[in-house]
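Below is one structure, written out as structure tokens; the observations come after it.
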Amino acid sequence: MSVKKPHHHPNSPCLESLPFDAEVADHLAGIFKQVGDPTRLKIFWLLCQQEECVTNIAYLLDMSSPAISHHLKSLKLADLVESERKGKEMFYRPKSNKPARLLEKILSQTFE
């Protein structure tokens with residue numbers, strides 16, 4: 001079935017609909033919003049290099065531990081990082097889901 005668009009452009013493929021729904025678009029925008037923040041981008045990149053605790057991330061970024069924890073919470077809510085308790089400390093790493101792996105690949109290729 002052909003879609004009648006307001007403007008007809010010859011030799012232009014006719015896309016009948018977007019390949020994703022509003023919920024998927026909102027989810028993707030949320031992921032990109034997280035790494036739109038420079039601090040979260042740095043934290044995520046750092047975690048792609050090695051699993052790390054809040055104290056060491058705070059030291060490496062010259063920030064307070066509470067500030068780092070705030071950013072990690074946002075990254076966790078966006079489903080980009082996960083944590084694991086080891087003794088008395090929480091260690092963070094990128095989640096092994098498709099969005100986090102894709103973001104890790106994008107960062108890796110960008111910083112090569």
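The numbers here are math on the coordinates, done by the rules we state, and not lab data. Because the structure is predicted, anything quoted here is derived from the model rather than measured. Here the Cβ positions follow ideal geometry from the backbone for every residue, glycine too, while neighbour counts run over all protein chains shown.
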*Per the helix-only calculation at 222 nm, which mean residue ellipticity applies to the chain, given -39500 (n - 2.57) for every DSSP H run of n ≥ 4 and division by its residues, nearest 500 deg cm²/dmol?*
-16500 deg cm²/dmol
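Starting from the alpha-carbon convex hull of the stretch 73-112, give the projected area averaged over all orientations, in nm².
That works out to 3.4 nm².
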*Residues in the stretch 39-73, backbone N under 20 Å from the label point at residue 101 (7 Å along the Cα-to-beta-carbon vector): list them, ranges by number please.*
44-51
*asked:* Quick check: the angle from helix 22-35's long axis to the longest principal axis of the chain, C-alpha only, nearest 10 degrees?
replied: 40
_Assuming 0.36 nm per residue, please report the length gained on full extension of the stretch residue 83 to residue 67 beyond their Cα-Cα distance._
4.1 nm
*Counting Lys and Arg as +1 and Asp and Glu as -1, what is the net charge of the other residues whose Cβ lies under 13 Å from the Cβ of residue 98?*
+1
*What is the Cα convex hull volume of the stretch 25-67 when expressed per residue in Å³?*
76
*Where does each of 44-56, 20-32, 76-88 land if you order them by average Cβ count within 10 Å, highest first?*
44-56, 76-88, 20-32
_Over the Cα atoms of the chain, each weighted equally, I'd like the Debye log10 I(q)/I(0) at q = 0.22, 0.24 Å⁻¹, rounded to two decimals._
-1.20, -1.36
